[in-house]
1. Could you list the residues of the stretch 18-39 with an amide nitrogen less than 15 Å from a label point located 7 Å from the Cα of F158 in the Cα-to-C-beta direction?
2. Give a quick list of trypsin sites (Lys or Arg not before Pro) in the stretch 81-185 that DSSP marks as loop, anything other than H, G, I, E or B, with at most 16 other Cβ atoms within 10 Å.
3. May I ask you to order 320-332, 277-289, 232-244 by the average number of other C-beta atoms within 10 Å around their residues, highest value first?
4. In deg cm²/dmol and to the nearest 500, what is the mean residue ellipticity at 222 nm of the chain if only DSSP H runs of at least 4 residues count, each as -39500 (n - 2.57), divided by the residue total?
5. To the nearest 10 degrees, how steep is helix 165-186 against the longest Cα principal axis of the chain, on a 0 to 90 scale?
6. Using alpha carbon centroids, what distance separates the stretch 77-95 and the stretch 258-328, in Å?
7. Could you tell me what fraction of 2.2 N^0.38 Å the Cα radius of gyration of the chain comes to, as a two-decimal ratio?
8. What trypsin sites (Lys or Arg not before Pro) in the stretch 1-86 are in a loop by DSSP, with at most 16 other Cβ atoms within 10 Å of the Cβ?
Amino acid sequence: MVKQSAFFYGWVIVGISVAGMALIYGIRHSFAVFFPPVLDEFGWSRGSTALMLSLNILVYGFTAPVAGSLGDRWKPYRVMPIGVVFLGLATVGCAFARELWHFYLLFGFLMPVGTAFSGWPLLCPALANWFSKRRGMVMGIGQMGGGLSFVYGVFVEFVILQLGWRYAFFVVAGVLTAILLPLYFFFFHYRPEGKGLKAYGSDELPATGGLTPDVVIGRGSSISDWTLGQAVRTYQLWCLVATQSLFWGVGCYMVLSHQVQFTQDMGYSSTFAASIFALFGIFMMVGQISAAMSDWIGRDKMMTLAVVLSIGALVALVSVRDTSQPWLLYIYAILLGCGAGLVAPVVFAGAADLFHGRHYGVISGLMLTGFGIGGVIGPWLGGYIYDTSGSYISAFILSMVCFGMAGITYWIAAPRKAVKLLARS
């Protein structure tokens, strides 16, 4: 028997998603803060050191569909606490690393497994399950934790200054497990049916006139239930995979993994560099909240805005020459934060418009595989370009090209035409 409640429990799931995204991805995104002290202690090249983040993203990308498939088929409330513990142990292990291969194993291979089985590959389909309409808004709010994960770097920088980078790994692992394990054990529900509820908006009658795409497809999922086999035979899915790979995997992470070191190279302090990282995270949350507008004006237009903002951000960044231009770094952080914040919820909301159903978990996980493939290139390539040229400028220009190409692939995927795709399925 499906029951109704004055307070919709789906908002609890949204809140858990915010906390999970902040703490889980805060560990990965703190790489930029750990990067300078690790380089100082061991003297490794930037390319080979940044490769640990590239491996992290690659392994995460290939593990995400497995995690999403388990969410579709098994009980995520059992999988996700195990993922948290696994991530925590791998993080603690980094405190004992002495060789570069230790970081490759712990940060590059083990951490992302825990991340995939506790993070977005399961949180994203859970949000899509709980909300049949207004997915742009919900995905944006749920991903606010992704913005907070960059702000988290300020806390990590403080701990590093007080205790050293090795003890900082203990601290972030402890915070992760202390907060997320109780939330996942006692409050997380993957589907509303688990609490005897229905998805938000599922009661509305199926009609298309004047409705946003997320409403139509949310209703349409009962008419056409996409399987992975059906989805992979569409060019729309592969365009979304390419969008994730180009924008986030190559474009964003080529910049984000090196921006703290770049800022310090320009003569700024590590604290100021971390504050720019945090400012990016704050405005990323602004972008994620603003993604709700895609429910009204369309996903494609919001993606175009995100690309324009992101390219403008890097124009400001490559213009920085010394410590006399901090305002350029502020412009960079604000514009890239807003642009990147728009992209993540808009891409996944667009995918839900096109392919939502019982198998959406593995489909969205496949999109993260594209992110992983691009991510193995971005951080490493940024470091390699610096090692060979002595500058990040060429890397940042390449990121701009990737942003532009991501916008093109998203327009080709065309979530605005989701109803037509549904009709052909």
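Any read-out appearing in this document is the output of simple, stated calculations on the displayed coordinates, not a laboratory observation. Small disclaimer: the values here were computed from a predicted structure and weren't measured. Neighbour counts are summed over all protein chains in view; Cβ atoms, including those assigned to glycine, are modelled from backbone coordinates with ideal geometry.
1. The answer is none, because no backbone nitrogen lies closer than 15 Å to the label point.
2. R98
3. 277-289, 232-244, 320-332
4. -24000 deg cm²/dmol
5. The helix 165-186 is inclined about 10 degrees to the chain.
6. 30 Å
7. Cα Rg divided by the expected 2.2 N^0.38 Å: 0.93.
8. Loop-located and lightly packed - K3.
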